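Here's the structure, in structure tokens; my notes come after.
The values are calculated or read from the model by the stated rules, or taken from the named source; none is laboratory data. Everything quoted here is computed from the prediction, not taken from an experiment. When we count neighbours, we look across all protein chains shown, and the Cβ atoms used for this are built from the backbone with ideal geometry, even at glycine.
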Amino acid sequence: MAELDIAEVSRRAGVPASTLRYYEEKGLISSTGRRGLRRQYDPGVLERLALIALGRTAGFSLDEIALMFAPDGQPRIDRRMLAAKAEELDRRIRELGVLRDSLRHAAACPAPSHMECPAFRRLLDAVASGGVAVPGRRVPGR
């Protein structure tokens, strides 16, 4: 199969060319050269980008994903790292379930205000104590 230029890889992988350049800068992918001003890639880069996308979706950082590739570019995925991420996802799923259930209760709660609802107050206390993770909020010790 013929090499793909950056625009074709971008289109087929569904990521902007700037992301491809960034991934190349981070050592996650590499171009095979240039044709004029356009970077060229081996068609295998699409599978590698799919693995990167899967890793990102699972919550791995780009540095963690970089460790999942051997120096020759072949996948070398640490099964312990996968198991640890699965445990982390299980914990997050449990937290999200509690959050979902609490929000559903608060939406239907007959209390005059949410602040008077015992279940909503428990949710606020859990968030304040770090018992429920909130995206974008850093909790000391986590």
* If a residue has to be β-branched (Val, Ile, Thr) and in a loop (DSSP other than H, G, I, E, B) to count, how many in segment 1-54 make the cut? -> 3
* Structure fact -> Subset of segment 59-78, residues among the small types (Gly, Ala, Ser) and assigned to a helix (DSSP H, G or I), comes to Ala66
* Asked: Can you tell me which of Arg122, Arg34, Arg94 is over 19 Å from the mean Cα position of the chain (by Cα) and free of Cβ contacts under 8 Å to residues at least 12 places away in the same chain?
  -> Arg34
* **Residue ID - modelled with the lowest pLDDT, chosen from residues in segment 32-50 that are in contact with a helix residue (DSSP H, G or I) (Cβ under 7 Å, 6 or more places away or on another chain) and either within 20 Å of Glu64 (Cα to Cα) or buried (at least 19 other Cβ atoms within 10 Å of the Cβ) (or both)** => Arg39
* Pull up segment 1-31, narrow it to residues that are among the aliphatic types (A, V, I, L, M) and surrounded by fewer than 15 Cβ atoms within 10 Å (Cβ to Cβ), then point me to the one that is nearest to Ser61 (Cα to Cα). => Ala7
* To do: For segment 51-74, name all the residues that are surrounded by 13 or more Cβ atoms within 10 Å (Cβ to Cβ) and touching a residue at least 24 places away in the same chain (Cβ under 8 Å).
  => Leu51, Ile52, Ala53, Ala58, Phe60, Leu62, Ile65, Ala66, Phe69, Gly73
